[in-house]
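Presented below is the structure to which this report refers.
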Amino acid sequence: MKKNFFFILIFFSLFFQKANAQLPFANDTIAIDSTSYSQFTFIREDLNKIENDNSSFHFFYKKLFELQETKKGRVDIVHIGDSHLQADHFSGTIRQKLQLKFGNAGRGLLFPYQVAKSNSPPSYTTSSNKIWDSKRNVFYDKPLPIGISGFTIETTDSVAEINITVKDQPGLGYSFTKFTLFHEKGLHNYDITVCDELNCSKGTLLSTDTSINSFVSELKFEKPISQIILRNRSTDTLHQRSTRIYGMMLENDSAGILYNMIGVNGAEYRHYLRSKYFMQQLPYLNADLVIVSLGTNEAFVAGFDPVAFYKHIDTLITNIKLACPNASVLLTTPADSYRKSRKGKIKNPDMEKARVTIINYCLQHNLPYWDLYEIMGGFGSMGKWFTSHLSAKDRVHFNARGYQIQGDLFYKAIMNGFEKYIGPK
């Protein structure tokens, strides 16, 4: 009997180890070591570097070096993308690794995706007592304007509230001492009272206060907190009618990295161009580095137009440079993927065309790029990621582990470039 019980314990132990090996990061963004994916020989680690790394990128390296040496100040990163970013497994791994090395300045930009009825990063939760109207920038013909997050939510309910709770991650605490709200201001917008779990003495964000920015309100707290409630406050029943929110940002008082992720399911370059207030609000993030990871959706269906794609890249990057004149800009190529056909899922040759278009743009405009397409194995490699339990069934998206491997690769590419920049010690 004891022997049978022993074998049962071994069986269940091996079963759960196998299950966890396939989906070890379902709930949290956890930094992983390179040994976690050395078994996947189709990943081209020999190609994992920042290509066309030049003086335009050295501004970012310089800021990193100053932060590392002085342990003072902050380096602000903005990562713009599509559904590959929205769940934050890819960008969240980069954030975590950079903050563990250089310091944690806060969780950064976030959006109440759950209130907008969309998927959310695992490092925070949001909820509301009311139903809010919502829109993402993909649906640019709908009436709500889009701001910094690529999403907008709005309510006309005077007693609506939003609860925001951040979760600590391994090695990193995300309690915050400064809260920034990107929202519509004006005569017709409600004031917003900020409460914690016990009271509403944290402060009130006035819809008429444009002293900081026409879209931005800030509150600072004496002690770090991890949960707040935004509660509509009607002080003018004659005029106030709505609350419209574009995004939020959480910071602390520490030196380090602030990594802001902007991800929208289905987004393309052109959708950010059609986001009414995106460029107006982007400068507030004070970016030292802007990473753009787009292109998957443009090449997802047949009929991909490289000429139009190039123009959209050029217009967006030009506008980003105007909004963030001191920032380095880095582009990434889209991952290999499959597309649907009458015969089922087939390899998508247009993703290679999107990759080439992005690389040509970077070479012609002296911009660095990270070639995920080739690093992951090139044309058809998504099939290998799928059979290795690293991608979703659609063979367009990855699972948490697949994205975190990419995040680890990207971090290593950045660090290799940084080590070359600072030279031997």
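Has region 84-107 got at least one residue that is under 22 Å from residue 178 (Cβ atoms), free of Cβ contacts under 8 Å to residues at least 60 places away in the same chain and of a type in the set (Ser, Thr, Tyr)? Within region 84-107, not a single residue is under 22 Å from residue 178 (Cβ atoms), free of Cβ contacts under 8 Å to residues at least 60 places away in the same chain and of a type in the set (Ser, Thr, Tyr). Scanning region 205-220 for residues that are at pLDDT below 95 and surrounded by fewer than 17 Cβ atoms within 10 Å (Cβ to Cβ) returns 206, 208, 209, 210, 211, 212, 213, 214. Of all residues in region 293-307, those that are within 19 Å of residue 397 (Cα to Cα) have Cβ atoms under 7 Å from Cβ atoms of residues that are among the polar types (S, T, N, Q), 6 or more apart or on another chain, in 293/332; 295/333; 296/337; 299/348.
Looking for something surrounded by 14 or more Cβ atoms within 10 Å (Cβ to Cβ) and modelled with pLDDT of 60 or more - is there at least one such residue anywhere in region 2-24? No, that holds for no residue. Is one or more of the residues making up region 334-343 within 19 Å of the chain's Cα centre (by Cα), buried (at least 23 other Cβ atoms within 10 Å of the Cβ) and either under 17 Å from residue 82 (Cα atoms) or in contact (Cβ under 8 Å) with a residue 12 or more places away in the chain (or both)? Among the residues of region 334-343, at least one is within 19 Å of the chain's Cα centre (by Cα), buried (at least 23 other Cβ atoms within 10 Å of the Cβ) and either under 17 Å from residue 82 (Cα atoms) or in contact (Cβ under 8 Å) with a residue 12 or more places away in the chain (or both), which makes the answer yes. Of the residues examined, residue 266 is one that is outside any helix (DSSP H, G or I), over 18 Å from residue 109 (Cβ atoms) and of a type in the set (Gly, Ala, Ser). From the list 92, 147, which one is surrounded by 18 or more Cβ atoms within 10 Å (Cβ to Cβ), not in a strand (DSSP E or B) and not assigned by TED's automatic domain parsing to the domain that holds residue 243? Selected residue: 92, the only one of 92, 147 that is surrounded by 18 or more Cβ atoms within 10 Å (Cβ to Cβ), not in a strand (DSSP E or B) and not assigned by TED's automatic domain parsing to the domain that holds residue 243. Looking at 322, 282, 367, which one is in the same structural domain as residue 266 (by TED's automatic domain parsing), touching a strand residue (DSSP E or B) at 6+ places or on another chain (Cβ under 7 Å) and aliphatic (A, V, I, L, M)? Just a single option satisfies the conditions, and that option is 367. When residue 185 is tested against (1) surrounded by 15 or more Cβ atoms within 10 Å (Cβ to Cβ); (2) in a strand (DSSP E or B), only condition (2) is not met. From the list 376, 351, the one residue that fits, being in the same structural domain as residue 299 (by TED's automatic domain parsing), surrounded by 22 or more Cβ atoms within 10 Å (Cβ to Cβ), touching a residue at least 12 places away in the same chain (Cβ under 8 Å) and closer than 19 Å to residue 302 by Cα, is 351.
For residue 242, the stated conditions do not hold, so it cannot be described as under 26 Å from the mean Cα position of the chain (by Cα) and small (Gly, Ala, Ser). Checking each residue in region 190-220 for being touching a Ser or Thr at 6+ places or on another chain (Cβ under 9 Å), polar (S, T, N, Q) and under 18 Å from residue 149 (Cβ atoms) picks out only 217. Out of curiosity, is residue 173 more than 26 Å from residue 264 (Cα to Cα), of a type in the set (Gly, Ala, Ser) and surrounded by fewer than 20 Cβ atoms within 10 Å (Cβ to Cβ)? Answer is no for this residue.
The values are calculated or read from the model by the stated rules, or taken from the named source; none is laboratory data. As the structure is a prediction and not an experimental result, all values here were calculated from the model. Note that each Cβ is placed from the backbone with ideal geometry, even for glycine, and that neighbours are counted across all protein chains shown.
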